[in-house]
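The values are calculated or read from the model by the stated rules, or taken from the named source; none is laboratory data. Predicted, not measured: the structure shown is a model, and the values here were computed from it. So basically every Cβ, Gly included, is an ideal-geometry build from the backbone, and we count neighbours across all protein chains shown. Just so you know, the surface numbers come from the protein's heavy atoms only, side chains and all, with ligands and any DNA or RNA stripped out. Shrake-Rupley method; radii C 1.70, N 1.55, O 1.52, S 1.80 Å.
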Amino acid sequence: MSILKVSRMGHPVLRKKVRPVPPAEITAAPIQRLIDDMAQTMIEYNGVGLAGPQVHEELRLFVAQVIRDDDDEEEGEARRPEILALINPEIKPAGRQVEEDWEGCLSIPDLRGLVPRYRDISVKAYDRTGRQIEMQASGFMARVIQHETDHLDGVLFLDRMKSLDSLSFIEEYARYHAKREHD
């Protein structure tokens, strides 16, 4: 496995709507290797998701760490993160509730901003075995899936912000905004 170069805001690949992965190619070695490399890259840079365009691949796929809101693991228990690979995802709102919360992006390092997203979504996609799947996601996991799917359409989280007033460097976010979230 390899650590891949992450494209940064300003690179044209981040503004393209990318092509679907042909289903017959999903289980082929190049796509499987790409998924593994993307997962390793995401973990190396402390991300929770990483889309094809972010590693200069114009393909509709992304990897994400599975985040469970009701995590039943004991605190401090070290375990390997569960990685979800979604290929050619299609998402739909599964409700009307929209929540605004903080987001960052490996392609826009050191910045955070408040972004409105649907709280609940339905997802249709292929998994890394080439099987079609349907799933529901809520809360933070729904946010991650929407953020990564946006990358496949050339959309950055900055484009979704209602106002740039909340846009903050990570140090200021930690100093002024993260404290309020936990108080």
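Quick rundown of the values:
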| item | result |
| --- | --- |
| Subset of the stretch 1-29 [more than 19 Å from Leu156 (Cβ to Cβ) and in a helix (DSSP H, G or I)] | Pro23, Ala24, Glu25, Ala29 |
| Tally of residues being surrounded by fewer than 20 Cβ atoms within 10 Å (Cβ to Cβ), under 18 Å from the mean Cα position of the chain (by Cα) and under 27 Å from Arg112 (Cα atoms) across the stretch 12-34 | 5 |
| Condition met for Met38 (under 21 Å from Val155 (Cα atoms) and either modelled with pLDDT under 95 or in a helix (DSSP H, G or I) (or both)) | yes |
| Any chance Ala142 is open to solvent by less than 90 Å² (accessible area, probe 1.4 Å), touching a Phe, Trp or Tyr at 6+ places or on another chain (Cβ under 7 Å) and either on the phi < 0 side of the Ramachandran plot or of a type in the set (A, V, I, L, M) (or both) | yes |
| Cβ-Cβ under 7 Å pairs, at least 6 apart or on other chains, the stretch 1-29 side closer than 14 Å to Leu86 by Cα, far side of a type in the set (S, T, N, Q) | Pro20/Asn88; Val21/Asn88; Thr27/Thr129 |
| Set Tyr118, Tyr173, Tyr126: member being in contact (Cβ under 8 Å) with a residue 12 or more places away in the chain, closer than 28 Å to Ala29 by Cβ and aromatic (Phe, Trp, Tyr) | Tyr126 |
| Hits in the stretch 135-159 (condition: touching a helix residue (DSSP H, G or I) at 6+ places or on another chain (Cβ under 6 Å) and either outside any helix (DSSP H, G or I) or at pLDDT below 95 (or both)) | Ala137, Gly154 |
